[in-house]
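Heads up, the thing below is written out as structure tokens.
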Amino acid sequence: MPVCPYCKQQLSLKDVKREVVGKGFLKQEIMYSCPYCGAVLGFSRGNYG
């Protein structure tokens, strides 16, 4: 199981919080954060347009 590097809680993909900015698949940014401590775990960006 993956573990949050900040609070050491076990994570699963369905538990990780996801915040999406932008419409559709093109030009959207996604921020992933820990549901337990709120620490930012990573970003993803689609920029195809």
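Please tell me if GLY38 is at positive phi and at pLDDT 90 or above. Yes: the conditions hold for GLY38. Just to be sure before I move on: is GLY24 at pLDDT below 85 and surrounded by 13 or more Cβ atoms within 10 Å (Cβ to Cβ) in the structure I sent? So GLY24 does not fit the description; no. Across segment 3-12, not a single residue is classified as at pLDDT below 85, part of a loop (DSSP other than H, G, I, E, B) and among the basic types (Lys, Arg). If you go through segment 31-45 and keep only what is of a type outside the set (Ser, Thr, Tyr), in a strand (DSSP E or B) and either over 10 Å from the mean Cα position of the chain (by Cα) or closer than 15 Å to LYS14 by Cα (or both), you end up with MET31, LEU41, ARG45.
The values are calculated or read from the model by the stated rules, or taken from the named source; none is laboratory data. All of these numbers come straight from a predicted model, not from anything done at the bench. So basically every Cβ, Gly included, is an ideal-geometry build from the backbone, and we count neighbours across all protein chains shown.
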